[in-house]
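The values are calculated or read from the model by the stated rules, or taken from the named source; none is laboratory data. Just so it is clear, the model here is predicted, and its values are computed rather than measured. Positions of Cβ are generated from backbone atoms using ideal geometry, with glycine treated the same way; all protein chains shown enter the neighbour counts. Only protein heavy atoms, including side chains, enter the accessible area calculation; ligands, DNA and RNA are left aside. Shrake-Rupley method; radii C 1.70, N 1.55, O 1.52, S 1.80 Å.
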Amino acid sequence: RSGAQMTEVLVARGNIAEGTLLKDVMVDVIKVPAAYKQPKALDSVSQIINESYATAVPIMDGEQIVSTKLLTPGKDTGLAIIVPENKRAISINVDAASGVAELIKPGNYVDVICTIDEQDKSVTVMQNVLVLAWKQNILGASAARTQSVGNIADVSAPSEDILPTVTLAVSPYEAQAVALALEKGTIRLVLRGLNDHNIV
């Protein structure tokens, strides 16, 4: 009788390929007898909303979403699973001044300014750029988040030996602009407010 009680689980809405960033539109919530709920199966869409979980293996249509088949970003899994579509990841070395006193966090948005010493001027190279990582602290890599779905990733604290870098999500054209700015001038990041995405 207890095994026949119904419980909710997340299942794949269509086939999901390996290495796919999981989104709420890719899953459905259905009810199954408790006896048929797989170990470590997710049971709520809220567990994947605003989280960065990618499939470690292909998941078939209608298959239950279990934490053992998911990856979260970390230095062991790499950064590629959270790079937005049609974007590239590029890292910039920063110091206390150019990196806003090391208070920039993954998920923040910044503007990129280049100061060209030879021309004695500064120009805004890009605006409203997503920060993917600070050192090896990657967007979505949070111990609290991984615990909520069964410790599906071992996220370690960034090593203090790593030089301070900020990794940004940019278009291929913007990546060229950043590379040129690094070669010809000095880069400085300008932190935006949480809800400020205006291009000025």
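Descriptive notes on the structure:
- With K and R counted +1 and D and E -1, the other residues having a Cβ less than 9 Å from that of Val112 yield a net charge of -1.
- Cα convex hull of the stretch 10-51 - mean projected area over all directions, nm²: 3.3
- Loop-resident trypsin sites (Lys or Arg not before Pro) (DSSP state other than H, G, I, E or B) in the stretch 11-66 with no more than 16 further Cβ atoms inside 10 Å of their Cβ: Arg13, Lys23, Lys40.
- Prolate/oblate/rounded call for the stretch 1-132, Cα gyration tensor, a/c under 1.5 rounded: prolate
- Neighbourhood charge, 9 Å Cβ-Cβ cut-off, centred on Ile59 and excluding it, Lys, Arg +1 and Asp, Glu -1: -2
- Multiplying the residue separation of Met6 and Tyr36 by 0.36 nm and removing their Cα-Cα distance gives an extension gain of 9.9 nm.
- Residue-count net charge about Met126 - beta-carbon cut-off 9 Å; Lys, Arg +1, Asp, Glu -1: -2
- Residue-level accessible surface for Asp61, protein heavy atoms, 1.4 Å, Å²: 100
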